[in-house]
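Everything below concerns the one structure shown next.
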Amino acid sequence: MVLVRALVILGILGAGWSTRAYAQEPSLVDLYKLVAAQGEQIKLLTQELDATKAKLASTDADVKITEERLVSTVEFVEQQSTGNADGANWWDRTRVGGYAEVHYNNIDAEDDSRNKKETDIHRYVLYVNHEYNDRVRFFSELEVEHGLVKDTADGSNSGEVEIEQAFIEVDLNGNHQAKAGLFLLPVGILNETHEPNTFYGVERNNVESIILPATWWENGAAVSGQYASGISWDFAVHSGLEMPTSGSSSYRIRSGRQKSSNASAEDLAFTGRLSFSGVPGLQLSGAYQHQTDMSQEAGDGVGEGRLLTAHAIYNQGGFQLRALWAQWEIDGDLIGQAGADDQSGWYVEPSYRFALPTSNLFTAMGVYSRFEDLQGYREQDQFEQWEVGMNLWPTDNVVFKIDYRDRSHQVSAAQGRDFKAIDLGVGLQF
């Protein structure tokens, strides 16, 4: 090895001597400079190679992160399609529905100035409900009444846009639930179930309009439970009524509904209900409500209010019997002097529904009769009414109705309001 190096050195020296002597070739110094320059280039190339390796390592990391994100996205999509994740299948867990009613009323009153012939799309309602998972769900109900909303000085031809439900319900376990938000109160028959294909008559009964007063919703929270024995219960804490104490609607229960619009919450209300359905075809239910202050104003002569209501529904084959009673007792000197401290009403309604041959346009027909007795505060809210009518269903969710009503007021000053009426209606649910 030493010999080889010596020969190389001698060769270089000889080449250098030969270059100086014969051909002006690069000197040893020039050759050294050339080798040094090549070394610098090799050093730069090495640095570039290291930088390239670093970039490749960084790119590999980015590729790995991208792969992880892709795998996570694929897993989420699979969960959405199979329903394994909380909130998965949102498009399958969301439901849209609703109902609508169109009425025609032909009223022949004792006082001819009160005669009326008119049609009205009484209400159009949309439901949007969503299940977040098997335990948590959302319910909502948006309603437009009378087909038109406009601002008029006397309130004529003006309808309403209302949110009747907007609440979250959570299953506490298999038998108990809790909810919070805006919900219908657990009182009466129609308040929670009032789709037009589920009841007889073009117009809803008056007891569950003037006395209860349905439909009746409040902001609050509630818990409920159901058991295999057929017993169920509900308890709710919620906003209360704000009953007027002056004007044409003074001491009228229905006019006290705040409809959850900037509702006064100075004095809350409490509602409890106990129901029994352990006997086939029979449902019994009773509810009690306590209003802390019926007018939401202290010292005005109107104080606490107590509502007690009970109803029974009995089904046997096509026969059904409904009966309901409701009564208010209200404390206060002012309302006592006005004679409005005790307001009540009741009704009884037998009906019979039977199937029609499948070749007919209508698949079922039902006939009914209803008698009502109301003892409200206003003269026009003290009357007896009986009616008969018929429902025709082309399908369970669509109904055509016709009825005849005869109303007699008990106060002589209001007897001009006595009337006989024929009503036609169509209702649907989807």
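Each part gets one Cα centre, and for region 138-191 versus region 286-364 those centres are 19 Å apart. With the simple model of a label 7 Å out from the Cα in the direction of the Cβ, Leu284 to Thr363 spans 3.4 nm.
Shown is the FRET efficiency for Lys55 and Val136, computed with R0 = 41 Å from the Cβ-Cβ distance and rounded to the nearest 0.05: 0.25.
The convex hull built on the alpha-carbon positions of region 95-429 has an orientation-averaged projected area of 18.1 nm². For Ile168 and Asp120, the difference between the fully extended length at 0.36 nm per residue and the C-alpha to C-alpha distance is 14.0 nm. Using the Cβ-Cβ distance between Gln316 and Asn262 with R0 set to 41 Å, the FRET efficiency from 1/(1 + (r/R0)^6) comes to roughly 0.30. Note on Phe270 and Ala228: the extension gain reaches 12.5 nm, defined as 0.36 nm multiplied by sequence separation minus the Cα-Cα distance. With 0.36 nm allotted per residue and the present C-alpha distance subtracted, the Asn89-Tyr352 stretch has 90.5 nm of extension available. Among Thr309, Thr94, the ranking by other beta carbons within 10 Å of each residue's beta carbon, starting with the fewest, stands as Thr94, Thr309.
Positive contributions from Lys and Arg (+1) and negative ones from Asp and Glu (-1), summed over other residues with Cβ under 9 Å from the Cβ of Trp328, come out at -2.
Which ³J(HN,Hα) values, rounded to whole Hz and listed in residue order, are derived for region 369-379 from phi using the Karplus coefficients 6.51, -1.76 and 1.60 in 6.51 cos²θ - 1.76 cosθ + 1.60 with θ = phi - 60°, glycine and proline given as x? Result, rounded to whole Hz: 9, 9, 10, 10, 10, 10, 10, x, 7, 5, 4. Exposure proxy for Thr193, Thr271: other Cβ atoms within 10 Å of each Cβ, ordered fewest to most, give Thr193, Thr271. Between the DSSP loop rule and a limit of at most 15 other Cβ atoms within 10 Å, which trypsin sites (Lys or Arg not before Pro) in region 325-419 are left? Nothing satisfies the criteria. Placing a label point 7 Å from the Cα of Val237 along the Cα-to-Cβ direction, the residues of region 206-220 whose backbone N falls under 16 Å from that point are 219-220. Think of each Lys and Arg Cβ as +1 and each Asp and Glu Cβ as -1; about the Cα centre, that makes the dipole of region 177-256 roughly 100 debye. Take the alpha carbon atoms of region 402-419, find their center, do the same for region 208-269, and report the distance between the two centers in whole angstrom. Centre-to-centre distance over Cα atoms comes out at 28 Å. In terms of other Cβ atoms within 10 Å, Trp233, Trp90 run from fewest to most in the order Trp90, Trp233. In this calculation the C-beta distance from Phe430 to Ser250 is compared with R0 = 45 Å, giving a FRET efficiency of 0.65.
Read-outs: derived from the displayed coordinates by stated rules, not from any lab. These numbers come from a predicted model, not from an experiment. Positions of Cβ are generated from backbone atoms using ideal geometry, with glycine treated the same way; all protein chains shown enter the neighbour counts.
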